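The values are calculated or read from the model by the stated rules, or taken from the named source; none is laboratory data. Computed from a prediction, not measured in an experiment: that's the story for all the values here. Positions of Cβ are backbone-derived with ideal geometry, glycine not excepted, and every protein chain shown enters the neighbour counts. All accessible areas refer to the heavy atoms of the entire protein, side chains included, with ligands and DNA or RNA removed. Shrake-Rupley method; radii C 1.70, N 1.55, O 1.52, S 1.80 Å.
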Amino acid sequence: MKKIILSAIVLLIATACKKTVDAETVIEETSVEKTTPLESSGSQCYLTVAESVENDKVVNDTLSLNFERTGDSITGEFKWLPFYKDKKTGTFKGVVTNNIANTILIAQAEGVNNKEEFIFEIKPDRVLVKMGEMKEGENGLWQYKNSVSASDVAIAISGCK
């Protein structure tokens, strides 16, 4: 009888000391941004017209960018036509990596022709053109002083004509 009582006590102690863990399954909710895949070949056209009224006069500043892309090669034309200032236009050629175009722009601005670094990011509905302070570098090439801190100017996608 002592053995039965002792066995019962040991069993009771073992059962009382046993940790019970309720396993919970935690599923984290994640979201994946759905983007339209960007074409690696073909023509794209972008245009933004900023309209404002100054002294009862409508003022338009126009930015346009058109390019032809074949794989990682890109060529095109950029135009910045501000209402009050001298325009800046030119053609560019370069490469695209991860939808970032690193090109050289042959620009005409204020009566002067320059070769300058021209970087823009291609998005499904716009391009983001880097604008910032530049300095003259090797071989007369104008480069961003700091391309990371340069501001982005958005130009909306438009139909090519």
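Would you check the accessible area of Asp152, probe 1.4 Å, heavy atoms only, in square angstrom rounded to 10?
Number for this one is 80 Å².
In nm, to one decimal, how far is the Asp86 label point from the Ser151 one, both placed 7 Å along Cα→Cβ?
Once both label points are built, they end up 2.1 nm from each other.
How much accessible area per residue does segment 65-161 have, in Å², with a 1.4 Å probe?
Here the per-residue accessible area is 60 Å².
Rolling a 1.4 angstrom probe over the protein chains, ignoring ligands and nucleic acids, what is the accessible area of Thr48 in square angstrom, nearest 10?
40 Å²
Considering only protein heavy atoms and a 1.4 Å probe, what is the carbon-and-sulfur percentage of the accessible area of segment 121-161?
Of all accessible area on segment 121-161, carbon and sulfur atoms account for 47 percent.
How long is the gain from Glu77 to Ser52 if the chain were fully straight, where each residue apart is worth 0.36 nm and the alpha carbon distance is subtracted?
6.5 nm
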